[in-house]
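Asker: Quick one: the structure is below, and I'll ask about it shortly.
The values are calculated or read from the model by the stated rules, or taken from the named source; none is laboratory data. Given the structure is predicted, the values throughout are model-derived calculations rather than measurements. Here the Cβ positions follow ideal geometry from the backbone for every residue, glycine too, while neighbour counts run over all protein chains shown. Remember, those area values only see protein heavy atoms, side chains included, never the ligands or the DNA or RNA. Shrake-Rupley method; radii C 1.70, N 1.55, O 1.52, S 1.80 Å.
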Amino acid sequence: MKIIDLTALSLAIFLTVFSFLSAISIRSDSLEILIQAGDKEWIYPIDSQISKVFEGPVGETVVNISSGIVSVSESDCSEKICIQSGSIHSGGQWIACMPNRVFVTIRGKKEGELDGEAY
Amino acid sequence: MAKLINKIELTSFLGGLCLFLSAIEYLFPRPVPFMRLGIANLPILFALKLLPFPYIMLLVLLKITGQGLISGTLASYVFLFSAAGSFTSAMVMYSVHKIPSKWVSLIGVSILGALAGNIVQLILSVKFIFGESAWVIAPLFLAIGTISSFLIGLFAVKFIKRSQWIFSLEGRL
Amino acid sequence: MKTDYLSRILTPGRRFFTGMMLMLLFLFFESLIFRASMTAFFLFLVLLAGKKVLWKNYILLIFFITFFNLLTPWGQVLYSLGPLDITKGALLSGLQKGITFTGLILISLTSIKKGLIIPGKLGGLIGRVFYYFERIFEQKHRLKRHDLIGTLDSILMDTFYSEGQNPQELASEMKTVDFSRPAASSPNTNTQDFYESEQD
């Protein structure tokens, strides 16, 4: 084994371990957006670019997700509290449109999602 | 004085050896369907010692085309993935091999080549097939690649030291 | 060996061309239903071609690809399997990718048949590669686990400098090798069988 052989081997081992550690950590710090409307649920990754209409008892509520920021831009409810509550971007925050039964939360990914299932 | 050996013919021969080794590789059990040990890269390590750059690239082309013809995947994603991985890996191996031999042996060449090829294949399969979540298979993929490329490099070093065949080619290329 | 019905109506060259046209059509429309029905059609063609269908491999392939895509949830939650949420968007895109991948392999399998001549210099070279592959493959039994280096080396010596010929004479003969030699221009069926059975 010569000097670059050893360096190459260490580099390969380092990258293997690094990829292992980052595969674990991707799981724990990535956020996802949970939207509940009626008795259904939708899930999107935090980095999605999406604008979607959700139906509720009062009418339609439009949820926008863009560059990690989530907001309600239109809603058929009377109070419009959901629109006024502005945008959310970090875990645990939520927006609710009570009259139309639309509930938007940012949450961490479910724990243990990959444990033992990855391979 | 021994007569010269046709480089194209030697390239084809090494290509045939690549196909033979990939046939042998199918005999090993594979943990995941896509996982390759890469023993078919052994002739490319020999080629680094024997042939100039254009012939090495030709050998890679012959290897992947031959493998594609046998497995029938010549006209599919599989072929493109293996082409991208194999060419990257061969170019890295060639560059590393240019470093004076007092610093590096075929072991380092083999490890770095496999690493580069595997990373390219991982990126492609995440982008086009499996999605972001496939990064979880990266550690297993890289670990197997590291171990097998180390052993293949080691084998190549020992083989070249002992081989009458390699010796018979010396000075005739 | 099953009968290859396709070879009765198509020459290897036309067969390859037809296959490539079908593949372009396949890739042109993105709809899952379209891709799935085309894949079923390709499966039928593979059966017509008398090739072994590796059902287990294709099902596993689609399963794995879909599974990995499901790990990043996207869209309406259809079902919660313990910690894993099956979302509609992720499920459809996973199936689409898995089926597309499988479809491409199947159409590729149908299009490529022995006797397919790759034109030009590359084709001739491939012929030589297969010629040597078969030579080495015939000697497979000589490879011994306890002395891989020695046995491989002697196989290489014998196959590169084929029997009864002096290395020096052969070397000069090689320069005038005729690449278009038909005997060596196509993959041998036996070795093809070997691969197909080993993949199971």
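Asker: In the list B:V60, B:V92, which residue meets the criterion of being more than 13 Å from chain C (Cβ to nearest Cβ), over 25 Å from C:G103 (Cα atoms), in contact (Cβ under 8 Å) with a residue 24 or more places away in the chain and not small (G, A, S)? Please lay out each step first, then the result.
Answerer: On the way: B:V60 fails: more than 13 Å from chain C (Cβ to nearest Cβ).
Of the residues listed, the single one that is more than 13 Å from chain C (Cβ to nearest Cβ), over 25 Å from C:G103 (Cα atoms), in contact (Cβ under 8 Å) with a residue 24 or more places away in the chain and not small (G, A, S) is B:V92.
Asker: So which of C:I118, C:I107, C:I99, C:I86 ends up being open to solvent by less than 10 Å² (accessible area, probe 1.4 Å) and either out of contact with any strand residue (DSSP E or B) (no Cβ under 9 Å at 6 or more places or on another chain) or modelled with pLDDT of 90 or more (or both)?
Answerer: Numbers: C:I118 fails: open to solvent by less than 10 Å² (accessible area, probe 1.4 Å); C:I99 fails: open to solvent by less than 10 Å² (accessible area, probe 1.4 Å); C:I86 fails: open to solvent by less than 10 Å² (accessible area, probe 1.4 Å).
Going through C:I118, C:I107, C:I99, C:I86 in turn, the sole match is C:I107.
Asker: Continuing with the same structure: If I ask for residues that are surrounded by fewer than 19 Cβ atoms within 10 Å (Cβ to Cβ), more than 7 Å from every other protein chain (Cβ to nearest Cβ) and farther than 30 Å from C:T72 by Cβ, which ones from the stretch B:126-159 would you list?
Answerer: B:L151, B:L154, B:V157
Asker: Would you call B:I111 within 11 Å of the chain's Cα centre (by Cα), crowded, with 20+ Cβ neighbours inside 10 Å and away from chain C (no Cβ under 12 Å)? Break it down into steps so the answer makes sense when it comes.
Answerer: Numbers: within 11 Å of the chain's Cα centre (by Cα): yes; crowded, with 20+ Cβ neighbours inside 10 Å: yes; away from chain C (no Cβ under 12 Å): yes.
So B:I111 passes the test.
Asker: Based on what the data block shows, is B:V78 β-branched (V, I, T), more than 14 Å from chain A (Cβ to nearest Cβ) and either open to solvent by less than 30 Å² (accessible area, probe 1.4 Å) or free of Cβ contacts under 8 Å to residues at least 24 places away in the same chain (or both)? Lay out the reasoning, then the answer.
Answerer: Details: β-branched (V, I, T): yes; more than 14 Å from chain A (Cβ to nearest Cβ): yes; either open to solvent by less than 30 Å² (accessible area, probe 1.4 Å) or free of Cβ contacts under 8 Å to residues at least 24 places away in the same chain (or both): yes.
Judged against the criteria, B:V78 is a match.
Asker: While we're looking at this one, here's another question. Answer with yes or no whether B:S163 is over 30 Å from C:D158 (Cα atoms) and at the interface with chain C (Cβ under 9 Å from one of its Cβ atoms).
Answerer: Working: over 30 Å from C:D158 (Cα atoms): no; at the interface with chain C (Cβ under 9 Å from one of its Cβ atoms): yes.
Judged against the criteria, B:S163 is not a match.
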